[in-house]
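Below you'll find the structure, written out as structure tokens, and then a few comments.
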Amino acid sequence: MKTPNIILNWFFILAWVVIALLSQMDMMSGWWIGPLVILWLVVKVIGSFFIGLNFYFFSHCSAITNERIVALTFDDGPDDKLTRPLLDLLDEKGAKATFFVIGEKVLGYTHLLKEIHRRGHLIGNHSFSHARFFDFFNFTRMRFELVRTRELIYKNTGVKTQLFRPPYGVTNPVLGRAIHALQLVSIGWSVRSLDTTRSPKKALQRLIKKTHPGAIILLHDTTPDIVEITKKYLDWLTSNDYRVVSLDQLLTIKAYE
């Protein structure tokens, strides 16, 4: 299937050729090639930063359904102070979630990774380093990060996860190649809580405002107030006839090999 990125490239190549030919016949100024290149770059950057556009490769960002169901996902853990209380809350509420873990943190808190798995939650790959410049890595380094984290998850839980969430939700062609090579399933979101940058009150308000049937909810088990936010959100979901289901159930996909 042709991605928007491929279609864009062909469109702009055609446009450049047309402009070049017309400029040779003095029917158009070649000056237009410059603005066209800038526009091409701007569209590429926008495509990178909005995972829901599926610009470079496909990511599951929600389910198409009228049923009032949602899936909870937590990024950037495991966290030595917050993951366990969050797991206790989820047990109390009877809710299952997906934890997209960072390999470096797994090394320090393998017991928490095992606890997540033992309690029946899904585990996904969120790269090894979650480096600020992850998206500038070459193919070999990206692939290494994904493989190392996948192997750490397997070593400590016995499951080979197929779920992957790009760090920061940023995508590019190199990452697309790595995901394809490893046959991973990219997971985005349709409701972003912004719990890492907003107060608990504002994060909860955003969640309530944005929630819709089939939503994939993005939260972080590294946010200091995540237990409070999640508790209030789960209570709101229940009072509004929403059910929390596992990610594989929501999307009808296999989470593990």
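The values are calculated or read from the model by the stated rules, or taken from the named source; none is laboratory data. Just so you know, these numbers come straight off a predicted model, no measurement behind them. Cβ placement follows ideal geometry from the backbone for every residue including glycine, while neighbour counts extend to all protein chains displayed.
For the range 151-174, filtered to residues that are in a helix (DSSP H, G or I) and touching a residue at least 40 places away in the same chain (Cβ under 8 Å), the residue that is nearest to the chain's Cα centre (by Cα) is GLY169.
Residue count for the range 202-221 satisfying the condition of being small (Gly, Ala, Ser) and either closer than 19 Å to GLY52 by Cβ or in a strand (DSSP E or B) (or both): 2. Applying the set (1) buried (at least 21 other Cβ atoms within 10 Å of the Cβ); (2) of a type outside the set (D, E, K, R); (3) in contact with a Cys (Cβ under 6 Å, 6 or more places away or on another chain) to ALA97 leaves exactly one unmet item: (3). Filtered by the rule that a residue be over 15 Å from LEU207 (Cβ atoms) and crowded, with 19+ Cβ neighbours inside 10 Å, the range 220-253 gives ASP221, THR222, LEU247, LEU250, LEU251. Is it true that some residue in the range 175-186 is on the phi > 0 side of the Ramachandran plot and surrounded by fewer than 17 Cβ atoms within 10 Å (Cβ to Cβ)? Among the residues of the range 175-186, at least one is on the phi > 0 side of the Ramachandran plot and surrounded by fewer than 17 Cβ atoms within 10 Å (Cβ to Cβ), which makes the answer yes.
Does ASP225 count as of a type outside the set (Gly, Ala, Ser) and without any contact (Cβ under 8 Å) to a residue 40 or more places away in the chain? Spelling it out, ASP225 is indeed of a type outside the set (Gly, Ala, Ser) and without any contact (Cβ under 8 Å) to a residue 40 or more places away in the chain.
Can you spot a residue in the range 88-99 that is in contact with a Leu (Cβ under 7 Å, 6 or more places away or on another chain), more than 29 Å from LYS209 (Cβ to Cβ) and modelled with pLDDT of 95 or more? Looking through the range 88-99, none of the residues is in contact with a Leu (Cβ under 7 Å, 6 or more places away or on another chain), more than 29 Å from LYS209 (Cβ to Cβ) and modelled with pLDDT of 95 or more. Can you pull out the residues in the range 175-191 that are hydrophobic (A, V, I, L, M, F, W, C) and part of a loop (DSSP other than H, G, I, E, B)? LEU184, TRP189, listed by residue number. Taking the numbered list (1) assigned to a helix (DSSP H, G or I); (2) more than 23 Å from GLU67 (Cβ to Cβ) in turn, LEU194 passes all entries but (1). Look at the range 23-49: where a residue is at pLDDT below 90 and a partner is β-branched (Val, Ile, Thr), sitting 6+ places away or on another chain with Cβ atoms under 9 Å, you get SER23/ILE33; MET28/VAL18; MET28/ILE19; SER29/ILE19; GLY30/ILE19; TRP32/ILE19; ILE33/ILE19; LEU36/ILE19. Condition test on ARG148, is it surrounded by fewer than 21 Cβ atoms within 10 Å (Cβ to Cβ), assigned to a helix (DSSP H, G or I) and in contact (Cβ under 8 Å) with a residue 40 or more places away in the chain? Yes: the conditions hold for ARG148. Residue under question is ASP225, and the condition is that it be among the charged types (D, E, K, R), touching a His at 6+ places or on another chain (Cβ under 8 Å) and modelled with pLDDT of 95 or more; does it hold? Answer is no for this residue.
For the range 222-231, the tally of residues that are touching a Pro at 6+ places or on another chain (Cβ under 9 Å) and either in a helix (DSSP H, G or I) or outside the structural domain of ASP79 (by TED's automatic domain parsing) (or both) stands at 4.
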